[in-house]
1. Would you please put 90-102, 128-140, 67-79, 38-50 in order of how densely packed they are, using the mean number of other Cβ atoms within 10 angstrom per residue and starting with the highest?
2. Tell me what the chain gives for mean residue ellipticity at 222 nm when only DSSP H runs of n ≥ 4 count, each as -39,500 (n - 2.57), the sum divided by the residue total, rounded to 500 deg cm²/dmol.
3. So for the pair Thr129, Val77, with labels modelled 7 Å out along Cα→Cβ, what separation do we get in nm?
4. Compute log10 of I(q)/I(0) for the stretch 54-98 with the Debye formula, placing one identical point scatterer on every Cα and leaving out solvent, at q = 0.29, 0.31, 0.34 Å⁻¹, to two decimals.
Amino acid sequence: MTDQPPVAAPAKPTPSDAVAAPATPPTLPPVIRTTTMPADTNPSGDIFGGWLMWQMDLAATSVANQRSHGRCVTAAVDGMAFLRPVHVGDEVTLYADCISVGRTSMKITVEAWRRPRESDAMDKVTEATFVSVAVDAAGKPRPVDPV
């Protein structure tokens, strides 16, 4: 045994860390691009986080359906941290990519970016990894082609 202190695990990035770092949108083509509307807001005028998660789920499912050549369902979502608010009239762009394929499931990363209507600058809003499972007509898991 040594008298050295234990090594601390590296700190996880916090939303404030991510906001401080300059970011560039992915080079992938967007899966969804939409403009936020007043019906999507909370009483403070910001877009509901649930609305944004819904859009991200649509993007992940679109990529999973295309990758698996059929129907998929969302099985899990890795944690999300909202880095900055989205306001009415902002354009929200969602980028998604399949990062791994299992026997019946796929991991899809989704990034959400906002662009205020009066600017060309984009800001990353949040990101998450979605796990989608390919299912057959009866709703049972089905194999995904690994290629």
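FYI, it's all coordinate maths here, none of it is from the lab. Model, not experiment: these values are computed from the prediction. Here Cβ is always computed from backbone atoms with ideal geometry, including for glycine, and neighbour counts include all displayed protein chains.
1. Ranking the peptides 90-102, 128-140, 67-79, 38-50 by packing returns 90-102, 128-140, 67-79, 38-50.
2. One gets -5500 deg cm²/dmol as the mean residue ellipticity at 222 nm.
3. 1.7
4. For the stretch 54-98 at q = 0.29, 0.31, 0.34 Å⁻¹, log10 I(q)/I(0) is -1.18, -1.26, -1.35.
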